[in-house]
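> What follows is a single structure, and I will ask about it in a moment.
The values are calculated or read from the model by the stated rules, or taken from the named source; none is laboratory data. Model, not experiment: these values are computed from the prediction. Using ideal geometry, Cβ is built from the backbone for each residue, glycine included, and neighbour counts are taken over all protein chains shown. These accessible areas exclude ligands, DNA and RNA; they are computed on the full protein's heavy atoms, side chains included. Shrake-Rupley method; radii C 1.70, N 1.55, O 1.52, S 1.80 Å.
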Amino acid sequence: MKKKILLIGLAIVVLVGVFYLTAFKDENNDNNEDIASENSISNNAGENVEEEEEVIEEEKESEAAVPDIAIGELAPDFTLLDLNGEEVSLSDFRGKYVLINFWATWCKYCDLEMPDLDRLYEENEDLVVLAVNVMEEKDLVDKYIEEGGYKFPVVLDKEGKVAVTYLVSAFPTSYFVDKEGVLLGGVPGMMTYDQMNQLLNGIRGNE
């Protein structure tokens with residue numbers, strides 16, 4: 001397993017310097033704020049963004065015990081409602097690769113990334129793109145997804161608790177999970193279609 005994770009990590013590093021494979025282990029927690037760059041939650045996005053950032057920070061401070069998240073271990077499972085009001089769990093997708101994408105409608109980099117995520121989802125039967133919207137109203141998210149014509153599953157992290165568990169400090173942030181539910185790595189920031197494809201093929205090649 002360590003060899004597999006290492007090879008995947010190297011594949012990610014080769015892509016471009018601005019994309020980092022992030023283990024998010026306990027010893028790196030002090031560096032989480034440094035991950036946010038142009039894609040970070042910022043006051044420039046408007047008052048709603050500022051409010052959402054404050055709530056996420058409050059969640060971080062109030063959580064007595066946040067589940068460990070570590071590369072090479074099982075990804076923390078979660079259950080959220082989709083846009084049809086049905087419960088969806090990460091563990092529902094065992095047997096497929098999962099790209100967990102944390103996003104928001106106001107995030108311009110998320111907006112640029114969405115078509116490529118949808119294309120990747122449509123072209124790969126062994127992959128699920130699970131789009132986790134963080135702390136926005138269902139009607140707003142529903143309208144955004146409908147207007148974009150996106151087909152991948154979307155779930156609502158209304159309180160931001162899943163985002164806190166996955167130490168998300170910037171949008172978009174993506175994680176790759178293998179068919180057994182093991183966390184392979186994370187990419188803070190927007191990815192292009194070619195980068196997504198290269199990562200996915202690298203994961204397949206190291207099974």
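> Can you tell me which residue in segment 95-117 is nearest to residue 184 (Cα to Cα), limited to those that are open to solvent by less than 20 Å² (accessible area, probe 1.4 Å) and part of a helix (DSSP H, G or I)?
Within segment 95-117, the subset open to solvent by less than 20 Å² (accessible area, probe 1.4 Å) is 97-104, 107, 110, 113-114, 117.
From what is left, the residues that are part of a helix (DSSP H, G or I) are 110, 113-114, 117.
Working: 110: 21, 113: 21, 114: 21, 117: 18 Å.
Looking at the filtered set, the residue picked out is 117.
> Cβ-Cβ under 7 Å, sequence separation 6+ or interchain: first residue in segment 142-162 and open to solvent by 50 Å² or more (accessible area, probe 1.4 Å), partner at pLDDT below 95. Which pairs?
That search, which allows pairs on different chains as well, returns 161/59.
> Right, something else. Please enumerate the residues belonging to segment 178-198 that are closer than 12 Å to residue 127 by Cβ and crowded, with 24+ Cβ neighbours inside 10 Å. Lay out the reasoning, then the answer.
Looking only at segment 178-198, we keep the residues that are closer than 12 Å to residue 127 by Cβ, and these are 178-179, 196-197.
Of everything in segment 178-198, just one residue is closer than 12 Å to residue 127 by Cβ and crowded, with 24+ Cβ neighbours inside 10 Å, namely 196.
> Could you list, in sequence order, all residues of segment 89-113 that are within 13 Å of residue 133 (Cα to Cα) and over 12 Å from the mean Cα position of the chain (by Cα)? Walk me through it before giving the result.
To start, the set of residues in segment 89-113 that are within 13 Å of residue 133 (Cα to Cα) comprises 100-107, 110-111.
Across segment 89-113, the qualifying residues are 105, 106, 107, 111.
> Being closer than 28 Å to residue 204 by Cβ, in contact with a helix residue (DSSP H, G or I) (Cβ under 8 Å, 6 or more places away or on another chain) and not acidic (Asp, Glu) narrows it down to one residue among 156, 74, 130, 112; which is it? Quick ask: steps written out before the conclusion?
Details: 156 fails: closer than 28 Å to residue 204 by Cβ; 74 fails: in contact with a helix residue (DSSP H, G or I) (Cβ under 8 Å, 6 or more places away or on another chain); 112 fails: in contact with a helix residue (DSSP H, G or I) (Cβ under 8 Å, 6 or more places away or on another chain).
Just one listed residue meets the conditions, 130.
Yes/no matrix, rows are residues, columns are (1) at pLDDT below 95; (2) under 17 Å from residue 191 (Cα atoms); (3) buried (at least 22 other Cβ atoms within 10 Å of the Cβ); (4) under 12 Å from the mean Cα position of the chain (by Cα):
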residue: 120; (1), (2), (3), (4): no, yes, no, no
residue: 132; (1), (2), (3), (4): no, yes, yes, yes
residue: 139; (1), (2), (3), (4): no, no, no, no
residue: 168; (1), (2), (3), (4): no, yes, yes, yes
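> Right, another one. Within segment 82-94, track down each residue that is surrounded by 15 or more Cβ atoms within 10 Å (Cβ to Cβ), in contact (Cβ under 8 Å) with a residue 12 or more places away in the chain and either in a strand (DSSP E or B) or out of contact with any strand residue (DSSP E or B) (no Cβ under 6 Å at 6 or more places or on another chain) (or both). Write out each step before concluding.
First, pick out the residues of segment 82-94 that are surrounded by 15 or more Cβ atoms within 10 Å (Cβ to Cβ): 82-83, 88, 90, 92-93.
Filter once more, keeping what is in contact (Cβ under 8 Å) with a residue 12 or more places away in the chain: 82-83, 88, 90, 93.
Within segment 82-94, 82, 88, 90 meet the criteria.
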